[in-house]
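One structure is given here, and the rest of the page talks about it.
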Amino acid sequence: MPPEEISWLRRGACRSSDPDLFFPLAPTPLQEARAKAVCATCQVLEECRSYALRAGESEGIWGGLTPDERRRTRFPEGWRRPAAS
Ligand code: SF4
């Protein structure tokens, strides 16, 4: 990814957090809640979320959303129409 596209990351609240909190090998509800609590204080949450949705980031917590939450945001239920017959 081009560095200028994620320059806002330097202002992220997670910068001083343990990376394992945002990219764990085995995610748990407690880890996700702790990471989201950091995101809730972040001044670049909207930029981060927008980037992650646009880029299709498939791993970790971005913009206060888990991978499943991002997937549901990008592809809400019913987004796929049945093929015409
Ligand atoms: S929204 Fe969360 S993951 Fe994104 S930069 Fe801020 S703290 Fe980090």
- [ ] Within the stretch 27-44, identify whether any single residue is in contact with a Gly (Cβ under 8 Å, 6 or more places away or on another chain) and β-branched (Val, Ile, Thr), and answer yes or no.
- [x] yes
Open item on the list: Every residue in the stretch 21-53 that is of a type in the set (D, E, K, R), within 10 Å of the ligand (Cβ to nearest atom) and touching a residue at least 24 places away in the same chain (Cβ under 8 Å), please.
Closed with: Lys36, Glu47
- [ ] Scan the stretch 25-55 residue by residue and report those that are assigned to a loop (DSSP other than H, G, I, E, B) and modelled with pLDDT under 95.
- [x] Leu25, Ala26, Pro27
- [ ] Taking Asp18 as meeting all but one of (1) within 13 Å of the ligand (Cβ to nearest atom); (2) within 9 Å of the chain's Cα centre (by Cα), write down the number of the exception.
- [x] (2)
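The values are calculated or read from the model by the stated rules, or taken from the named source; none is laboratory data. Keep in mind that this is a model prediction, so the values were computed, not measured. Neighbour counts run over all protein chains shown; Cβ positions are idealised from the backbone, glycine included.
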